[in-house]
Structures are given as C-alpha cells and as structure tokens.
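Please read the structure below before turning to the comments.
The values are calculated or read from the model by the stated rules, or taken from the named source; none is laboratory data. All figures in this text were calculated on a predicted structure; none of them were measured in a lab. All Cβ positions, even for glycine, are placed from backbone atoms using ideal geometry, and neighbour counts span all protein chains on display. Side chains included, ligands, DNA and RNA excluded: accessible areas come from the protein's heavy atoms. Shrake-Rupley method; radii C 1.70, N 1.55, O 1.52, S 1.80 Å.
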Amino acid sequence: MAAIAESPSTELQGEASGYSNRDEWHCGFSEELCLTIVVAGASGDLARKKTYPALQFLFQHGFLPSNVAIIGYARTDMNDDKLREKLKPKLVGSDDDIDKFLKRCTYVAGSYDGAEGWQGLAKVLDKRESKCSKNPAGRLYYLALPPSVYPQVCAGLKEHCDNLRSVEGSWIRVIVEKPFGHDLQSSEQLADQLGKLYPEHQLYRIDHYLGKEMAQNLFVMRHANMFLAPVWNRTCISNVQITFKEDFGTEGRGGYFDTFGILRDVLQNHLAQMLAMVAMEKPLSVHPDDLRDEKVKVLRCIKPVEPHNVVLGQYTAANGQPGYTDDPTVPDDSKTPTFAAVTLYIDNDRWAGVPFVLKAGKALNERKAEIRVQLRATPHFVFNGEPESMRNELVVRLQPDEAIYLKMIVKKPGLEFDAAISELDLDYSRQYPEVDIPDAYPRLILDSIRGDQQHFVRRDELRAAWGIFTPLLHKIDAGEVEVHPYPYGSRGPAEADELLARADFVKNVAYNWKDPGSCKL
C-alpha cells in the first residue's frame, strides 16, 4: 500500500475546489520502503525498556518492511556491540530471534547541541539510502528524550538530516514523548518551537494510553453498537469515573516525579484523552483529523477545574513501605501531590450536569486503570431490593487483565422473585487466549510508520487539555490547595470518597452467583 501523502499543500485543496484529502485518505507503506528509524536517546531507560522492545515486536511479527535499519543516537560514547549488549536483557524470544533483530541495530555517538554529531548521522543515513536510491525512503525520528532538549534536537535533525531524496512516497516523521510542557504557556512555547521546524503532519505526539487495546476498543464499542446510542447521554448516565491506580511509589524516581506531580503526569494527558474518547460525538470517518476534531470539541466544552472539585493527596509511610518524602530524591518539605481526584463537567447538550471524575494515584491498594460509566437508578423499581444500590454500569478495564463488563439487574436464581446485580463479562484472556495483545508502543510506532495520526495528540487537543488544568496547577504550585496525607497501600485520602459521593456515585451491591445466599458489598 502506498504511503500517505506528506505534502501540506493538499490540506488546502478543499478551499479552492471543494475537495478534501480526507475523502480518499488511506495509510500504509510500500514493501519497497527503505525505512530508517533513528532512536535519539538510545542509551536511556525509555529507549531500552520501551522503544527497542516495541521495535523488536514489530520486527519479529513481520510488521516492518524488509529493508529496515534502526540507528541509535546519544551522547554516550559506545559502539554497536555495546548498544546491543545494553539492549539484549529487555528483548524477548529465542537467541536467534534476538540476534536477527540486533543485527539491524547500530549506533552513532554525538551531542545534541553541536553540528558534528548530526553531520555524522546524516552521512550514515545518506550512505544507507544510496544503496536503494530508486525506492521510497522513510525516516522516523523517535525522540526518547526529555522534552527540554526537543528544540535543539529537532533543530539538529532539520538542519543536517532532512536531505531526503525526492522519490515519490518518501517521508520524514518525528515522534515526541510527553510531558509537553508544564502548563498552557510552556506547552504553547514548545509547540511553537517544534512547529517552526516540523509541521503538524510530520509531528507525532505520543500518548501511550491512546495505543492501549481497550482504549481503541472503547471507540469501536461506543460508536458501533446501536443499543448504547440511546443511553449515552445525561438523561440516562449519572456519572463517569476514569481511574488510574498504581500499587507502588516513586521507587527512587521521585526527583523526576516531583517536578511534575500526578496531575501533569497522568490526568492532563492520559485521563483527559480517555474522557474525550468516552464523551466525543461519532466522527464523520476514521480519518485522524475527523476523530481528533471531535475530541477537541469535547475538551473545549470543559471549563477550568474549580478547587472545590479537587482532592489532592500525598502518600505517607505505612505497611512497611516508605512515604513519598522518604525518597532520597524528593525534598523533605515537598507538597507535590501523588494522588488527585478531579470532577469535570462538559458544558454541551449531551453531557450537561454529568460529573466526570478523573482519579489517579501512586502507592494505592491495587494496580488498575479503568473507565466506569454508571447509569441512573431504574425509576419505579417494582422488585425487592434498593434500586439506588443496584445501578447498571459499563466498565472498561484497560489494565491489568483487559476486559469489558456490563452490570445488569437480573433475577436471583431460586424460588424467590428477587432482583440481583450480575455481570456480562468479556474477559480478553479467556475470549481470545490465542491472541498476543501487544503493549501500546508497538501499535503507535506502527501507526507512525503507516502515516496514521489517529492515536496521536494534535496541537489544539493539547491546548484545550492544558486550558482545563493550568489555573488549578498554578494554585497548587503556589500552595493554595490542601494536600491530604494517605497511608501507603490505602485507597487514598478519605476526602476522595466524599468527592465521589457528591458526584452521585453509588457503590453497587455485589452478587456472587456461585453462592445464591450471599449478597455482600
């Protein structure tokens, strides 16, 4: 399949002719593509733990063109063999499979702020592509680096490594990792700097939650099933919870975390994107910009967070585990939140008045990421039982153990005519035991090679999301919002339960079908 056109001029054709390049959109690549993936920051943890294992998955499963090379670039002084030795412990498969992949991996050492290193990389790229001069060439620059160096890295790539031959189907694309700034102003500044070097159609801002299997399934389930359409609104839905929980603390990475906090690290990006996926209208098509247009509309309908709709927390030592400020990389007097629960409201016809509670925290009682849509209680409930404690819920579990389940009220087995809560459960590990569900990174890297920006964050999405959280973040940074302590291994601050109660969330009665006499919370 031919690669998607990279010329920005096609975006403007509609103004003159009524034609939009969205009408005939497709993505993919020619098997003849001479693909070179440059991993900038190849000596770092992100590249070693995520980027290279994702590339190995794609390589071993035949998703990359046969003519592919992976060039690592970093300041560390090492050669190809040292890089391969560093990468090998994180790769999976037989020794033969690993060696086949590692043979594709080479290394160029150079600084990020000088010309010499980039010039050396350019020579390697030119030499490689000269061997297949009649084929289209693709260069994917993956920046596994802190955002603070993005401008100088992109400037070096643009000046020295953008000399791509003009063969039809050739392209250059750049993947950048979050966080994209600290607030709206810094995000816009970074976007301006990168935008002057690479236009939007070449920039792929990665949010790995958009690459998760269940996040993408949410989009299909939400817009392909007729029975959901009539209830997906404020008339039927009481509240929505989007939750991210980790059962471990910072574990020596507190120095990094302390500069961002849980809102910047999780809520502003991952959970805000999940909210948009839940609440968006059905797009005109699956063209990346049709889909992202609808997400932007939702995010722009959300007013900035009010402090009375926020609960912040910081974990303390408990259950034999250290507190946040016990981490030697964290200042003793740090007030950085490691837990946040935020209630947002979408000011449009579909969702007016429905609370969306975004909740995330570290050092909690379990590891879980899920979306929970709770419907209103059934009116005129004629059965035995309390309808307020038996509400329908649709739950999408993103991790671990991917699943979708629907809580329904059914007749309790037996001679009595009592109602009880039960579940229609789609557990992926049981339903699809033969399917190897990959991590989000292989999917997103493959999308970028295919030219599909559907699951990457556009600049106006980023702007809208930062607009929701920036006023609150400035108040937190100024110490104007209370941070509540909570014990390591707990559910978080008790005040978060009060926030959920105000959002009209009701914990359902749980029914164990294997023990009909058992109805317990």
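Applying a DSSP loop filter and a limit of 12 other Cβ atoms within 10 Å to the GluC sites (Glu not before Pro) in segment 351-390 leaves 366. One chain, two ends: residue 165 and residue 497. Fully extended at 0.36 nm per residue, the span grows by 113.6 nm beyond their Cα-Cα distance. Checking the a/c ratio against 1.5 first, then a/b against b/c, what shape does the Cα gyration tensor give for segment 366-521? Cα axes put segment 366-521 in the oblate bin.
Dividing the convex hull volume of the alpha-carbon atoms in segment 360-431 by its residue count gives 122 Å³ per residue. Descending by average beta-carbon neighbour count within 10 Å, the peptides 49-62, 336-349, 421-434 line up as 336-349, 49-62, 421-434, the highest first.
Could you give the size of the charge dipole of the chain about its Cα centre, using +1 on the Cβ of each K and R and -1 on the Cβ of each D and E, expressed in debye and rounded to the nearest 20?
440
Each other residue within a Cβ distance under 11 Å of residue 423 adds +1 if Lys or Arg and -1 if Asp or Glu, for a net charge of -2. Candidate cross-link partners of residue 127 among the aspartates and glutamates, defined by an alpha-carbon separation under 18 Å and a same-chain spacing of 8 or more, comprise 32, 80, 116, 159, 162. Each of the peptides 164-174, 235-245, 31-41 was scored by the mean count of other Cβ atoms within 10 Å over its residues; in descending order, highest first, they stand as 31-41, 235-245, 164-174.
Over the chain, with a single point scatterer placed on each C-alpha, what log10 of the ratio I(q)/I(0) does the Debye formula yield at q = 0.08, 0.13 1/Å? Debye output, listed in q order: -0.57, -1.40.
Provide the FRET efficiency to the nearest 0.05 for the residue 119-residue 45 pair, computing r from the beta carbons and using R0 = 30 Å.
0.65
Overall, the anisotropy analysis places segment 231-311 in the prolate class: the square-rooted eigenvalues a ≥ b ≥ c of its C-alpha gyration tensor yield a/c not less than 1.5, with a/b exceeding b/c.
Rolling a 1.4 Å probe across all protein chains gives residue 439 an accessible area of roughly 70 Å². Were the residues from residue 375 through residue 251 laid out at 0.36 nm apart, the gain over their Cα-Cα distance would be 40.8 nm. Near residue 171, the amide H atoms lying under 5 Å from its own belong to 137, 138, 139; only residues 5 or more places off or on other chains count, and H is placed 1.01 Å from N. Report, ordered by chain and residue number, the lysines lying within cross-link reach of residue 507, taken as a straight Cα distance under 28 Å and ignoring same-chain residues fewer than 8 apart. Within reach: 212, 245, 303, 359, 362, 368, 407, 411, 412, 520. Expressed as a whole percent, the accessible surface of the chain that belongs to carbon and sulfur atoms is 51, based on a 1.4 Å probe. Give the shape of segment 41-172 as rounded, prolate or oblate, defined through the alpha-carbon gyration tensor: a ≥ b ≥ c are the square roots of its eigenvalues, a/c under 1.5 means rounded, and otherwise the shape is prolate if a/b is larger than b/c and oblate if not. Note, shape of segment 41-172 comes out oblate. Take every Cα pair under 8 Å whose residues are at least 6 apart in sequence, average their separation, divide by the length of the chain, and the relative contact order is 16 percent. For segment 170-242 versus segment 383-420, the spacing of their alpha-carbon centroids is 31 Å.
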